[in-house]
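Below: the structure, in structure tokens.
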Amino acid sequence: MSHMRIELSVVMPCYNEAEGLAQAIRRVHAVCKGLFLTHEILIIDDGSTDGSWAIVEDAAQSIPEVRGLRFSRNFGHEAASSAGLRHARGIQVLILDADLQDPPELLAELRAKMAEGYDVVYGVRRSRAGESWLKLVSAKLFYRVFNLLTDNPIPEDTGDFRLMTRRAVDAFVAMPESVVFLRGMISWIGFPQVGIYYDRKPRETGRSKYNFRKLLGLCIEAITGFSVRPLRIAFVMSMALFLGALGLTAVILIGWLSGRGSSDIALVMMVISFIGGVQTLVMGVIGEYLGKLFVESKGRPLYLIRDTIDKAALDAESR
Ligand code: UDP
Ligand code: MG
């Protein structure tokens, strides 16, 4: 298919979505056909254990535009989306969750906006139906904290659902990191970017694969991957503490010299535990960056591919 121009790649990360996957593929295919686009639907099976891959194989039999990548195990949503961007061949690339919480029908609108001269058009969630309040609150908090601590703000209430031009995708793919945070990295590349509002649907099948632990992990990864400001904050805190301790020593010394003495155990305990607490925190922050260096220095791949389906390419070769 390499000799043919692919106008659009739809990248769909998928982890245990067997229930709704076949229908999702059909719906995406219908949308692309409706817009008369030459396209490919690239499904990245992130180590599913529920037969998702068999559904991709089936779909590829009846829809030649379907391609598949299967990871050797679960590497996570960010890795799956990255793999999709690396393997996509289209002039434009759409990232779309396989659970279709983000409606593919918005494609026309995304493309219209892109035609105005944007390289990245992302979907901003006006509403999020069917999510728990814990998820909503932690998501809100996440954008705020991230933007407070880093220099490359990411748009609030924005997921990975976005349309990108070839040069934006190429810029992303050129980044060598082995731990990725898509939204942050795509914001970092610059170029004209813009959002359009949409209402996020609840899941029709299956459950969310993001629990609190995964979200927290993503949050720490995202912030330490994007900014050294926490290190600076740690430094400023230690400085403030040092000055405070100096002041306190002076006060105690003066009290001692003037013969009044001061033996408020509670105060001392408070100061000690405060200092101890901040020190551990600072060590934790440093440890986080050290860990990051460690991971990057190993230079391991972001993911490993177990199987691929690429019928179109095979057909082109055998011709
Ligand atoms: N996903 C993935 N690997 C994972 C977790 C999720 O590829 O380890 C996929 C999942 O199948 C879905 C998308 O990433 O298509 C978003 O995940 P999910 O719907 O669980 O997240 P939410 O929409 O709840 O934020
Ligand atoms: Mg979802």
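Values as computed for the structure displayed
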quantity	calculated
Under Karplus coefficients 6.51, -1.76 and 1.60, residue-wise ³J(HN,Hα) of the range 5-11 in Hz, glycine/proline x	7, 9, 6, 9, 10, 9, 9
Length released on extending from Ala245 to Val228, taking residue separation times 0.36 nm less the Cα-Cα span	3.5 nm
Beta bridges per DSSP with both ends in the chain, % antiparallel, nearest 5	35
Shape of the range 67-136, Cα gyration tensor, a/c cut at 1.5	oblate
Cα gyration tensor, the chain - rounded (a/c under 1.5), prolate or oblate	prolate
Exposure proxy order (Cβ contacts within 10 Å, fewest to most) of Leu35, Leu69, Leu100, Leu241	Leu35, Leu241, Leu100, Leu69
Fewest-first sequence of Asp157, Asp99 by Cβ atoms within 10 Å of each Cβ	Asp157, Asp99
CD proxy at 222 nm, helix term only [per DSSP H run n ≥ 4: -39500 (n - 2.57); per residue of the chain; nearest 500]	-17000 deg cm²/dmol
Rounded, prolate or oblate (a/c below 1.5 giving rounded, otherwise prolate when a/b exceeds b/c) for the range 143-281 by Cα gyration tensor	prolate
Karplus 3J(HN,Hα) series, Hz, for the range 179-196 with 6.51 cos²θ - 1.76 cosθ + 1.60 (x for Gly, Pro)	10, 10, 9, 3, 4, x, 5, 5, 5, 4, 5, x, 6, x, 10, 8, x, 10
Ordering of 222-234, 187-199 by packing [mean C-beta count within 10 Å, highest first]	222-234, 187-199
Label-point separation in nm, Leu257 to Lys33, each point 7 Å along Cα→Cβ	9.0
Choice from Ala115, Ala98, Ala139 with maximal GNM fluctuation in the chain (Cα, 10 Å cutoff)	Ala115
Order of Trp133, Trp256 - criterion: other Cβ atoms within 10 Å of each residue's Cβ, fewest first	Trp133, Trp256
Of Lys113/Lys209; Lys209/Lys292; Lys135/Lys214; Lys33/Lys113; Lys140/Lys292; Lys135/Lys201, those spanning more than 22 Å from alpha-carbon to alpha-carbon	Lys113/Lys209; Lys209/Lys292; Lys140/Lys292
³J(HN,Hα), Karplus 6.51/-1.76/1.60, whole Hz, each residue of the range 282-298, x for Gly, Pro	4, 4, x, 4, 4, x, 4, 6, 4, x, 5, 4, 4, 5, 5, 5, 6
5 angstrom amide H check on Gly195, placed H, neighbours 5+ away	Tyr122
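Since every read-out is calculated from the coordinates, none of them should be taken as a lab result. All values reported here derive from a predicted model rather than from experimental measurement. Glycine gets a Cβ as well: all are built from the backbone with ideal geometry, and neighbour counts include every protein chain shown.
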